[in-house]
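Following: one structure in C-alpha cells, then a few remarks.
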Ligand SMILES: Nc1ncnc2c1ncn2[C@@H]1O[C@H](COP(=O)(O)OP(=O)(O)O)[C@@H](O)[C@H]1O
Ligand SMILES: [Mg+2]
C-alpha cells in the first residue's frame, strides 16, 4: 500500500505544456504524485487547473512534455478504467434518474457489481433518491451525484475538478472525510479548487497561476515561504512576486518588490 | 467492441425517451397525424361536377358537334351552363367563376386543325391542378361520347396498384422514408448536442468507452425507435381494420388501407439503414451547433432539399436536368425509391434497382458513421 517513500509515483508529469492559440493554458508543469495522498491544485479561474487535469486524464494531448499515469504514458484508453474523473460541469444526464445515471457510468467502466453503485450513492447521501429524475435535483444534489458517478468503479486515482462548489458546508465535511478514507486505502486524489479555505485538508498543495506552479508543499510550508498567516495572503504575495517575472525570462527572474508593476 | 457498453448507451437513450413524452409524441404521434390528415385531404377531396359552356363558332357543321358535345356532357355527369352564344360571354362566365371550362367549336383552318373543326378548351388558369381535374373530366365525357360510334375507344390501365388512382399509394412510401429520416435526425442531433454542451460527452470520454461503442449505441438506440416508428406508420398506412359503429360513433376504419405488395422485412431494412445514416448525420452536425435551436436550423438545409428532390412529391426524372445529379446523391432518394419498389411494385432482393437502393443506403450510412465518429474526439485511441 502506502509504505515507504520511494513508491513508484501514480502520476508523473514532465514539462507539460498545452497551448491554445496565443494562450499557454499549462506552461511547463512537472509533478510527481505518490499513492495514498491528497493533492490540491489551487489557483484562480483560468489559471489552467482544468486543462492540467485533462492532460493527465488523456482528454487532451500536450503541446509538449509527457504525462505518465499509473505507469502508462497518457493518452491511453485502457488506463481510464482505473481513473475517476469528476468534471467541473456536472456531466450527468438530466433526463435520467439518479440510479440510472450511476448505473450508466458503471456500465461504461465495465462494473457489474451493484453494491459498488449503492455504496457510491449512499456516500453522497442520495441512497434514498434512486428514482428521482435529475431534473428535479437541486444544484448541490447534482454535484453529489456527479461525484458518485466518478466513484462507481472504485478508482485508484481520482481527479476532482472543483468538487465542493455548490455543496453545503455540512456535506463538504462528509466529502472530505470520505476523500481521506479513500486516500487511507491507498487511492491518490487530486482536487482542484479556487477557494483557499479547503486547501489545508490536502497533504500537498500546488499553487497555480497562468499555467505555472507558483509554489508547492503543505499549507504550512507555503505560508512560511510567503511569510503570511493565511493561504490567501500567501497566494497574493507569491503571485505579486511572480507577475513582473512574466516579462522577463521565466523562472530565473529573482523575486523583487515591484508590487506596483503587477497587473 | 464491448456489447454491454453499447447496450448501456442504447438503454440510456431509451430511458431518456421514457421521460420525454413530447419527443415520443413527435416520433409516433406526428407522422400518424400527418398521414391521416393527408389521407383525408386526398381521398375526401370534393370534386363538384364540372361546369361547362359550349360556344359554336363554326356555323351549321359546328352546331351538330355542339349538340353531340352537350349530350355527351350531360350523360357524362357534367353540368352544362347556358351563358349565351358568344365567345365573349363564355370568357365572362369563366372570369366570374360561373363555369370551369369553356368549349368553343372553331371552324376548320384555325391553327391546330387537321382539316375538321377544332374544339378549344379554355380554363381560368388560376389553380392549375383544378384546371387539370376539370379538363380531364371533360375529356373523359367526350371519350364516352365517341365510344360506340366507331371511333377508337380510350381505356386506361396501370401496371401496379389499382386503375382508380389513389395518390396515397405513392405518398405512403415517401412519407415513411421522410419521417424515418427527419425525426431521427432531429432527435439525435439535439441529443448529441446535449452530450457535447452538457459535459456528459467529456465525462463519457473519460471512461474506457470506445468511439465505435458510442456510435453503435446511438445507432442502436435511435434505430430501435425509428423501427418502432415505422411499425406504427405501416399499421396506419396499410392497416384496414374496420371498426363497426358503436353507439353514436360511426363506423370507421383503423388505418388508411393503402394497397401494398411488399415484404415487411425489406421495409425495415431500408428504414433501418436510413435511420443509421440519420443518427450519424445528427452526431456530425451537432458539432456545428451551439444550441438546440441551431440544430433545428439545419432542417431547411438538410431536410427540405431532400423532401423536394428526393421524390416525395415529384419523380427524379421529372426534375430539371441540373437538379437530377443532386437528387441522386441524397439518401432519401434511395430510401423512397427502395420503399416504392418494395411496397408498390412488391419487389424482392432479386430486383436490381432495389439492390442499388440498399447498397447506396449502406454506403451513405458507412460514410456518415465514419464522419460522425471523427467528431467524437478524445486524444486516446
Ligand atoms: N479548449 C480550449 N480552447 C481554447 N482555450 C482554452 C480551452 N480550454 C481552456 N482554455 C484556456 O486556457 C486557460 C486555462 O483554462 P482552465 O484550464 O479551464 O482554467 P481553470 O480550470 O483553472 O479555471 C484559460 O485562459 C482558458 O480560456
Ligand atoms: Mg476549471
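I'd like to compare B:48-58, B:122-132: which one has the highest average count of other Cβ atoms within 10 Å, and what's the full order after that?
Top to bottom by mean Cβ count within 10 Å: B:48-58, B:122-132.
Return the average number of partner chain Cβ atoms within 10 angstrom of each residue Cβ along peptide A:59-67.
On the way: counts 8, 3, 4, 1, 0, 0, 0, 0, 0.
Mean inter-chain Cβ contacts per residue within 10 Å come to 2.
How big, on average over all directions, is the shadow cast by the Cα convex hull of the protein assembly as shown, in nm²?
Seen from a random direction, the Cα hull of the protein assembly as shown projects 44.2 nm² on average.
Mind running the shape call on the stretch A:1-115? Use the C-alpha gyration tensor, a ≥ b ≥ c as the square roots of the eigenvalues: rounded below 1.5 for a/c, prolate if a/b tops b/c, oblate otherwise. Intermediate values should be presented prior to the final figure.
Values: a/c = 2.00, a/b = 1.29, b/c = 1.55.
Oblate, because a/c is 1.5 or more while a/b does not exceed b/c.
Can you give the % of DSSP beta bridges in the protein assembly as shown that are antiparallel, to the nearest 5?
Numbers: 30 of 55 bridges.
So the antiparallel bridges amount to about 55 percent of the total.
Can you tell me the 0 to 90 degree angle between the C-alpha axis of helix A:114-123 and the longest principal axis of chain A, rounded to 10?
The angle comes out at about 60 degrees.
Using mean Cβ contacts within 10 Å as the protection proxy, how do A:161-167, B:66-72 order, highest first?
Packing proxy ranking, top to bottom: A:161-167, B:66-72.
Of the peptides A:54-60, B:207-213, A:13-19, how do they stack up when ordered by the mean number of other Cβ atoms within 10 Å, highest first?
A:54-60, B:207-213, A:13-19
For chain A, what is the mean residue ellipticity at 222 nm derived from helices alone (per DSSP H run of n ≥ 4: -39500 (n - 2.57); sum divided by total residues; nearest 500 deg cm²/dmol)? Provide the component values of the computation, followed by the final result.
Details: 7 runs with 82 residues, N = 263.
Calculated mean residue ellipticity at 222 nm is -9500 deg cm²/dmol.
Counting partner chain Cβ atoms within 10 Å of every residue's Cβ in A:91-99, what's the average?
Mean shielding by partner chains, rounded to a whole number: 5.
Calculate the spin-label point distance for residue A:73 paired with residue A:8, positioning each point 7 Å from the Cα along the beta-carbon direction, and give it in nanometres.
Modelled inter-label distance: 1.6 nm.
Remind me, relative contact order of the stretch A:93-154 in percent, using alpha carbon pairs under 8 angstrom and six or more residues apart?
51 percent
Per-residue mean of other chain beta-carbon atoms within 10 angstrom of the beta-carbon, peptide B:5-15? Mind showing how you got there, number by number?
Working: counts 5, 1, 1, 7, 3, 0, 5, 10, 2, 0, 8.
Across the residues of B:5-15, the mean count of other-chain Cβ atoms within 10 Å is 4.
When the distances between all Cα atoms of the stretch B:167-380 are binned every 10 Å from zero, what whole-number percent does each bin get?
Taking all Cα pairs of the stretch B:167-380, the binned fractions are 8, 31, 31, 18, 9, 2, 0 percent.
Compute the Rg/Rh shape ratio of the stretch B:1-120: radius of gyration over Kirkwood radius, all on alpha-carbon atoms.
Expressed as Rg/Rh, it is 1.52.
Can you divide the C-alpha Rg of chain A by 2.2 N^0.38 Å and report the result to two decimal places?
1.04
Could I have the simple spin-label model distance between residue B:121 and residue A:195, label points 7 Å from Cα toward Cβ, reported in nm to one decimal?
Each label point lies 7 Å from its Cα, and together they span 8.3 nm.
Which shape class applies to the stretch B:319-362: rounded if a/c is under 1.5, otherwise prolate when a/b exceeds b/c and oblate if not, where a ≥ b ≥ c are the square roots of the Cα gyration tensor eigenvalues?
It comes out prolate by the Cα gyration axes.
Step by step: find N for the stretch A:93-154, compute 2.2 N^0.38 Å, then divide the Cα radius of gyration by it. What's the final number?
Compactness ratio reported: 0.96.
Below 8 Å between Cα atoms, with a sequence gap of 6+, how large is the relative contact order for chain A in percent? Provide the component values of the computation, followed by the final result.
Details: 495 pairs, mean separation 61.0, N = 263.
In percent, rounded to a whole number, it is 23.
For the pair residue A:232/residue A:61, report the inter-label distance in nm, with labels modelled 7 Å from Cα in the Cβ direction.
4.3 nm
Is the shape of the stretch B:15-63 best called rounded, prolate or oblate, per the rule: a/c under 1.5 gives rounded, else a/b larger than b/c gives prolate, else oblate, with a ≥ b ≥ c the square roots of the Cα gyration tensor eigenvalues?
In terms of gyration-tensor shape, prolate.
FYI, it's all coordinate maths here, none of it is from the lab. These figures come from a predicted structure and were not determined experimentally. We place every Cβ from the backbone using ideal geometry, glycine too, and count neighbours over all the protein chains shown.
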